[in-house]
Amino acid sequence: MVVICGIILVIVLLFFYLLNTARKKTPPPSATGKKDYTPVYVSIADKPDSIMRGMDKFVAEVQKTESAGDKWRWIPMLIFFVGVALVSVDGLLFAFGYVSFIFTVGALCLWVAAFIMARSLRKSDSHDFSPRYFGTKKMLHTLRDDLKPGSTFLGHLDLTGPMLPTKVARETQDTQNRTTQHFSDSWLSLKAKLYDGNVLRVSAVQKSKKRKSYWKRSRISGKSKLKPEKFKGSEQELKVRIVVNPEAYEIKPNPNFKQGQNIGKYTVAEINTDGGIINILAKSPFEDIEQEHILGFIKSAYSLLQRKAA
């Protein structure tokens, strides 16, 4: 009986620990020190209003699903107390001189079911949406008035994660044979035919580095120890391409927009205007770039254009 009581006590403690961790709370930062967000991939191939309505609908559906799951969070606790009542029945029988474990076994089965249900509810919790999700929606809202009538946006919004195995661009090794993975995450790609006849392409890329785990032998003890993987930092790249409408504009150099110039959180790295096409590469050490900085950079890139006289 003492052994059974000990087992029951352990199960009770585990249950309350899981129930506590199953409550909705802000997820802890990932290994890179960044907060985890809901993985989302949005194909941008429609009119602006349709895209924005779809994005709002998706958020509402996720929140609705999570709210429905919240209504069931009290069930594991109810099952737990039913199990406690069953154990009490065996306790009363034992007090009157009858040895019975039937109700205790039933309680254990109920607690296992409650444990599994609480764990499932915990896994059903969704993370918050990335600020990039809502920032991109605001960008589409701002740019929609500049679209050619009847045209659509083309591109994608990839928020599935910047350091997935499928996003490894290359791997390098140092003198100690330690492998570093270089990730390239093109999280935003956007193409639009504008009202003025120009064609605008925007691509936002996050470049990240991570050193893989490796074995290192101690010089003192001679024993090998596994060193964990290490995040080595990241930077943002913004590529802007404007196919200029030659009937409306001509390209003119601008001393306020040149290589090395700081525009918001970006620094202009390269400018090429050959063939009537403006290609700009900008870089930023900041990992988080708000949509206003991207829009501001696009607006500044337009300073290289001079409208022709009618």
- prompt: What ranking of Leu164, Leu194 emerges when the number of other C-beta atoms within 10 Å of each C-beta is taken as an exposure proxy, fewest first?
  reply: Leu164, Leu194
- prompt: Each residue of region 49-60 in order: what ³J(HN,Hα) in whole Hz does its phi give by Karplus 6.51 cos²θ - 1.76 cosθ + 1.60, θ = phi - 60°, with x for Gly and Pro?
  reply: 4, 5, 5, 5, 5, x, 5, 5, 5, 5, 4, 5
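For Thr38 and Asp174, FRET efficiency with R0 = 30 Å and r from the beta-carbon atoms, rounded to 0.05?
Working: r = 35 Å, r/R0 = 1.18.
That pair, Asp174 with Thr38, gives E of 0.25.
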- line: Residues meeting the amide H criterion for Leu305 (H placed from the backbone, H to H distance under 5 Å, 5 or more places apart or on another chain) are Lys252
message: Over region 131-307, what portion of Cα pair distances is larger than 18 Å, expressed as a whole percent?
response: 67 percent
message: Quick query: amide H of Lys227 versus all other amide H atoms, modeled in the peptide plane; which residues come in under 5 Å with a sequence gap of 5 or more or a different chain?
response: Tyr214, Trp215, Lys216
query: With contacts defined as alpha carbon pairs under 8 Å and 6 or more residues apart, what's the relative contact order of region 131-307 in percent?
result: 18 percent
query: What list of ³J(HN,Hα) values in whole Hz, one per residue of region 233-250 in order, does the Karplus curve 6.51 cos²θ - 1.76 cosθ + 1.60 (θ = phi - 60°) give from phi, with Gly and Pro shown as x?
result: x, 7, 8, 10, 10, 10, 10, 10, 10, 10, 7, 7, 6, x, 6, 10, 9, 10
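Taking the Cβ of each residue in Arg219, Arg53, Arg241 as the centre, tally the other Cβ atoms inside 10 Å and list the residues starting with the fewest.
On the way: Arg219 6, Arg53 12, Arg241 17.
With the fewest neighbours first, Arg219, Arg53, Arg241 line up as Arg219, Arg53, Arg241.
FYI, it's all coordinate maths here, none of it is from the lab. In this text the structure is predicted, and so the values were computed from the model without any measurement. For neighbour counting, all protein chains shown are included, and Cβ atoms are generated from backbone atoms with ideal geometry for every residue, glycine included.
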